Amino acid sequence: MKYLDLTLLQAFTAVIDSGSFTLAARYLCRTQSAVSMQIRKLEETAGRPLLQPDRRNIRLTEEGEVLLDYARRMLSLNEDALVALDQPFAEGHVRLGLPDDYAEFFLPEVLARFAHAYPRVQLEVIGALSGDLLDRIEAGALDVALITRQPNRPVGKILLRERLVWAGSRQRQVHEESPLPLALFPEGCVFRSHALAALDAASIPWRIAYTSQSFAGGKLAVSGGLALTVMAQSMVPPEWRTFGKEEGLPVLPEFEIALHKATGKLPRAVKLLEDQLIESVRLKY
């Protein structure tokens with residue numbers, strides 16, 4: 001009897017999800033040639049080609065489409081089985097902090113998976129600016145936080161580097177207004193500092209049209225065509241568009257998302273939540 005190797009299935013789904021062997025290799029911490037070899041081995045086990053020859057894009061054969069669905073379910077079932085073994089030993093109260101925009105992008109999936117996997121753990125979520133959350137971590141008022149790395153406080157485990165972009169409604173040419181209306185988080189936000197510094201350096205007049213710690217509030221202002229905002233390129237909602245040099249706006253710098261934990265002996269549930277957050281970031285990118 002033939003058996004499908006979960007390691008090969010993981011490589012297969014990573015190639016499809018990332019769209020390239022190079023990105024899949026980075027995610028799996030392997031070389032590109034090793035990932036290619038795994039795909040060939042999986043095709044040998046399946047007895048038929050799974051990917052169509054295409055230099056530009058990763059395209060599945062009909063058999064590959066069929067196997068992909070089974071691969072996802074098998075990997076998910078494997079994870080559920082391992083998680084089930086951990087459940088009796090995971091309990092307690094964990095305090096998680098993250099900014100409001102990160103919460104909207106990462107939290108729904110993390111909350112659902114974590115609550116399902118560890119029903120005995122009470123998860124408390126605190127939303128605030130990254131600098132405030134770092135203060136709380138250092139004071140022992142939070143157990144773990146996923147935040148924007150602070151330029152003057154370079155600590156934490158870096159999970160992601162990404163470029164900031166200008167984002168706004170597709171319905172209005174708000175970028176042509178002067179002074180440029182902006183919807184930003186309050187002072188102390190790294191994104192806000194980068195945005196205003198870039199505009200000042202380019203001698204572009206600006207005004208704060210909307211400010212709030214709530215991403216939902218700023219989202220209403222931007223969606224209504226009242227202002228532009230600044231955010232991670234991957235987090236731009238599909239109903240918005242990005243703006244750049246072509247529209248006369250300055251290029252924004254990169255930023256880093258970092259994971260922070262409180263010092264001292266922490267409950268095992270904190271490590272389990274940390275693993276979920278890291279996995280969520282990896283799956284998103």
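The values are calculated or read from the model by the stated rules, or taken from the named source; none is laboratory data. It should be emphasised that the depicted structure is a prediction, and the values quoted were computed from it without experimental measurement. When we count neighbours, we look across all protein chains shown, and the Cβ atoms used for this are built from the backbone with ideal geometry, even at glycine.
Could you check residue 174 against (1) loosely packed, with under 13 Cβ neighbours inside 10 Å; (2) among the β-branched types (Val, Ile, Thr); (3) in contact with a Pro (Cβ under 8 Å, 6 or more places away or on another chain) and say which number it fails?
(1)
Return a yes/no flag: does the range 102-115 have any residue that is more than 19 Å from residue 259 (Cβ to Cβ), in contact with a strand residue (DSSP E or B) (Cβ under 8 Å, 6 or more places away or on another chain) and of a type in the set (A, V, I, L, M). Reasoning before the result, please.
In the first step, residues of the range 102-115 are kept if they are more than 19 Å from residue 259 (Cβ to Cβ); the result is 112, 115.
With in contact with a strand residue (DSSP E or B) (Cβ under 8 Å, 6 or more places away or on another chain) added as a condition, the list becomes 115.
Within this subset, residues satisfying the condition of being of a type in the set (A, V, I, L, M) are 115.
Yes: one or more hits.
Residue by residue through the range 189-215, note down the ones that are in a helix (DSSP H, G or I), of a type in the set (D, E, K, R) and surrounded by fewer than 16 Cβ atoms within 10 Å (Cβ to Cβ).
Scanning the range 189-215 gives a single hit, 200.
Take residue 119 and decide whether it is closer than 27 Å to residue 265 by Cβ and not in a strand (DSSP E or B).
In short, yes.
Where the second residue is basic (Lys, Arg) and at pLDDT 80 or above and the first is more than 23 Å from residue 127 (Cα to Cα) and crowded, with 20+ Cβ neighbours inside 10 Å and lies in the range 86-101, which pairs have Cβ atoms under 9 Å and are six or more apart or on separate chains?
Sorted first by the residue in the range 86-101, then by its partner, the pairs are 90/120; 90/268.
Please pick out the residue among 219, 245 that is more than 17 Å from residue 97 (Cα to Cα), touching a helix residue (DSSP H, G or I) at 6+ places or on another chain (Cβ under 9 Å), of a type in the set (Lys, Arg) and not assigned by TED's automatic domain parsing to the domain that holds residue 96. Break it down stepwise before answering.
Values: 245 fails: touching a helix residue (DSSP H, G or I) at 6+ places or on another chain (Cβ under 9 Å).
From the options 219, 245, the qualifying one is 219.
Do we find a residue being over 17 Å from residue 103 (Cα atoms), under 24 Å from the mean Cα position of the chain (by Cα) and assigned to a loop (DSSP other than H, G, I, E, B) anywhere in the range 171-184?
No - not one qualifying residue is present in the range 171-184.
Which residue out of 68, 23, 4, 9 is surrounded by 13 or more Cβ atoms within 10 Å (Cβ to Cβ), aliphatic (A, V, I, L, M) and part of a loop (DSSP other than H, G, I, E, B)? Full working, then the answer.
Numbers: 68 fails: part of a loop (DSSP other than H, G, I, E, B); 23 fails: part of a loop (DSSP other than H, G, I, E, B); 9 fails: part of a loop (DSSP other than H, G, I, E, B).
Exactly one residue qualifies, and that residue is 4.
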